[in-house]
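Trainee: Here it is, the structure, as structure tokens.
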Amino acid sequence: GESVGLHLPTLSVQEGDNSIINCAYSNSASDYFIWYKQESGKGPQFIIDIRSNMDKRQGQRVTVLLNKTVKHLSLQIAATQPGDSAVYFCAENISHGNKLVFGAGTILRVKS
Amino acid sequence: GAGVSQSPSNKVTEKGKDVELRCDPISGHTALYWYRQSLGQGLEFLIYFQGNSAPDKSGLPSDRFSAERTGGSVSTLTIQRTQQEDSAVYLCASSFGRFQETQYFGPGTRLLVL
């Protein structure tokens, strides 16, 4: 999950469609994962988290899937709304530490 | 309840000057974190406090960067002799301090070094 610089991947979806944002993490020792949403000019906002003893967790309109075999995390947003437009970051926490390691982020654009 | 607050929200300074950035964590949160976000990039960990001590300073990029926390609450991040590459958004987060739990972020301080 190293930064790729200014050119973040972008996902454009139609309002009402489902969105899937993907994240590959690098450290097999990571056992706690969080998705954050960041709107322009604001700090990251917690969306949902998952621990490594689970492979799926659901929240309100959001679902996180964890595949430890291939070190992949995804965030599914149901019935995407214009207010969902933001940059989405996955973050991983390594079992022996407290700091979060963030992925580069994905821009979600919702078309009305 | 108030969230994490940071001040100033924006800071413009000249190269070579020192700056101080302040973070007020959520009341009752014993853990406090500083991260840096450069334009269009992800967040980079700087330092972590548990109470007033900093068990992990591994992300501080140089000895020009320092941070302290007093009274288990407010934290100050100081950048001495600022350089243009220090321009970024500096984000603070806090949590209850138990192992592996959600970190809640403040709005950030946008620093521009001219």
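Bear in mind these aren't lab numbers, they're just calculated from the coordinates by the rules spelled out. What you see is a predicted model, and the numbers here were worked out from it, not measured in a lab. Cβ placement follows ideal geometry from the backbone for every residue including glycine, while neighbour counts extend to all protein chains displayed.
Trainee: Please report, ordered by residue number, the strands (runs of 3 or more DSSP E) entirely within the range B:75-114 with at least 1 residues that are at the interface with chain A (Cβ under 8 Å from one of its Cβ atoms) and either acidic (Asp, Glu) or surrounded by 16 or more Cβ atoms within 10 Å (Cβ to Cβ) (or both).
Mentor: Qualifying strands (runs of 3 or more DSSP E): B:88-95.
Trainee: Taking strands (runs of 3 or more DSSP E) that do not extend beyond the range A:1-84, which have at least 3 residues that are β-branched (Val, Ile, Thr)?
Mentor: Filter on the range A:1-84 gives A:45-51, A:62-67.
Rundown of residues vs (1) within 14 Å of chain A (Cβ to nearest Cβ); (2) more than 30 Å from A:Ser52 (Cα to Cα); (3) of a type in the set (S, T, N, Q), yes/no style:
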| residue | (1), (2), (3) |
| --- | --- |
| B:Leu21 | yes, yes, no |
| B:Thr30 | yes, no, yes |
| B:Gly59 | yes, no, no |
| B:Glu68 | no, yes, no |
| B:Gly72 | no, yes, no |
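Trainee: So for the range A:20-30 (the condition being away from chain B (no Cβ under 11 Å), aliphatic (A, V, I, L, M), over 21 Å from B:Phe45 (Cα atoms) and in contact (Cβ under 8 Å) with a residue 12 or more places away in the chain), does at least one residue qualify?
Mentor: yes
Trainee: Here's another thing I want to ask about it. Any residue that is facing another protein chain (nearest Cβ under 10 Å) and hydrophobic (A, V, I, L, M, F, W, C) - is there at least one of those in the range A:50-68?
Mentor: For the range A:50-68, residues facing another protein chain (nearest Cβ under 10 Å) and hydrophobic (A, V, I, L, M, F, W, C): absent.
Trainee: Now for a separate question. Tell me yes or no: at least one residue of the range A:35-43 is surrounded by 14 or more Cβ atoms within 10 Å (Cβ to Cβ), of a type in the set (Phe, Trp, Tyr), without any contact (Cβ under 8 Å) to a residue 60 or more places away in the chain and in contact with a Cys (Cβ under 7 Å, 6 or more places away or on another chain).
Mentor: Yes, that holds for at least one residue.
Trainee: Scan the range A:92-112 for residues that are under 26 Å from B:Leu46 (Cα atoms) and either facing another protein chain (nearest Cβ under 8 Å) or not in a strand (DSSP E or B) (or both) and jot them down.
Mentor: Correct list: A:Asn93, A:Ser95, A:His96, A:Gly97, A:Asn98, A:Lys99, A:Leu100, A:Val101, A:Phe102, A:Gly103, A:Ala104, A:Gly105.
Trainee: So, one more: If you take the residues in the range B:1-38 that are in a loop (DSSP other than H, G, I, E, B) and of a type in the set (Ser, Thr, Tyr), which one is surrounded by the fewest Cβ atoms within 10 Å (Cβ to Cβ)?
Mentor: It comes out as B:Ser27.
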